[in-house]
Amino acid sequence: MSTHTYASYLEIDKLLSAQRSMTDSDDELLFIVIHQAHELWFKLAIHELGCAIAALQRERPSNGDCVIAFKRLSRVSEIQRILIASWGVLTTLTPDEFHVFRLTVGQNGASGFQSIQYRVLEFKLGLKYRTVHFDKLVEGVYQTLEFDVFANARTADDKQALENALNSPSIYDAVNYFISKHLPMFGVQDTAADGYAEPYQKQLPVFNAWRYVYQNRENEPELYQLGEKLVDLEDAFRRWRFAHLATVSRVIGNSAGTGGSTGLRYLRQAANKLLDEPMYPELWDVRNAMFSPTEFDIKSAGY
């Protein structure tokens, strides 16, 4: 019977040998560890989102499945807190320290913009897209360029992982499926009818269902808590993007990115976009309707 030690079970030797600096900089290890840690947390967040989605999409989901999903999403929220806090460690890297090894990173084309897991995480959260648009300075004039994120797939497995995540239900798709079964009187349609790869378009039945839940939370405590957890996820994801933006601004200023993006300008566009086009729009519209009932109008809200 074989036994495992702490080191063998966690494969510590393999883990600690994965940090290979390409320069003599004493600060390069910080950059590598932060981003490797991000990838590990991404992996866990993707796993937890998958578990939540599976619980909500059972053939006959119950309130118990809603509770399971809530528990999984609570874990994702805590992961997001760690990811946001990690940018604070990276801000200890000063421009002159980063410059020493950033040229090497840039020459090899390495950039967080290329992270496959980050794209999968976005797809699982509900941001569905094949291309991104950003402004790039060309001969003194900013031009809007389109970039295929699938071009970052290094292997067939990477490409397949992106395709699978894009064409699978997001957490919001799964929640809407649960609502369609749990509150059938509102006529919420299962997103599967139109496929999961397209960006989510808000629906009046979904808004009406959430408004009912928020006005009657004592009757629907599980869905109410799940709705609040979705808002937690989106709020944290917004803060993650703005923390990333602030960190990049502090370390490299307005410099272009190394992986096909335009650096700070692209990050600013991405961060601001979530304010105008939220992932879970009906949940934010419910807030507008609750606190500005005389000003809120269904048609002007886009329904």
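Derivation of every value follows stated rules applied to the coordinates shown; laboratory data play no part. These figures come from a predicted structure and were not determined experimentally. Glycine also receives a Cβ, built like all others from the backbone with ideal geometry; neighbour counts cover every protein chain displayed.
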Under a straight-distance cross-link criterion of Cα-Cα below 27 Å, which lysines are reachable from Lys181, leaving out those fewer than 8 residues away in the same chain? Lys71, Lys124, Lys128, Lys202, Lys229, Lys299
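Please tell me the relative contact order of the chain in percent, rounded to the nearest whole number, where contacts are Cα pairs under 8 Å and at least six residues apart.
Values: 331 pairs, mean separation 64.2, N = 303.
Reported relative contact order: 21 percent.
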Can you tell me the relative contact order of segment 155-246? Whole percent, Cα pairs under 8 Å, sequence separation 6 or more. 19 percent
On the principal axes of its Cα set, how long, how wide and how thick is segment 6-93? Give whole Å, largest value first. 58, 32, 20
Simple label model, 7 Å out from Cα along Cβ direction - Arg20 to Leu274, nm: 3.3 nm
Taking only the alpha-carbon positions of segment 163-303 and ignoring solvent, what does the Debye formula give for the base-10 log of I(q)/I(0) at q = 0.12, 0.13, 0.16 Å⁻¹? -0.60, -0.69, -0.94
Translational D in µm²/s for segment 109-226 (Stokes-Einstein at 25 °C, 0.890 mPa s, Kirkwood Rh from C-alpha pairs): 148 µm²/s
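For the chain, take the alpha-carbon Rg, divide it by the Kirkwood Rh, and send me Rg/Rh.
Working: Rg = 21.3 Å, Rh = 21.3 Å.
For the chain, the value is 1.00.
Assuming R0 = 25 Å, can you tell me the calculated FRET efficiency for the pair Ala85 and Met290, based on Cβ-Cβ distance, to the nearest 0.05?
So the FRET efficiency works out to roughly 0.20.
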Helix 221-252 versus the longest principal axis of the chain: what is the Cα-based angle in degrees, 0 to 90, to the nearest 10? 30 degrees
With axes computed from alpha carbons, what is the tilt in degrees of helix 171-182 against the longest principal axis of the chain, rounded to the nearest 10 within 0 to 90? 20 degrees
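Give the Rg/Rh ratio for segment 37-176, taking Rg as the radius of gyration of the Cα atoms and Rh as the Kirkwood radius, to two decimals.
Numbers: Rg = 18.3 Å, Rh = 17.4 Å.
That ratio equals 1.05.
Stretched out fully, how many nm does the piece from Asp190 to Ile34 gain, at 0.36 nm a residue minus the Cα gap? Each step should come with its number before you reach the end.
Values: separation 156, 0.36 × 156 = 56.16 nm, distance 3.88 nm.
Taking Asp190 through Ile34 to full extension adds about 52.3 nm, to one decimal.
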Expressed in angstrom and ordered largest first, the alpha-carbon extents of segment 143-196 along the principal axes are 45, 32, 16
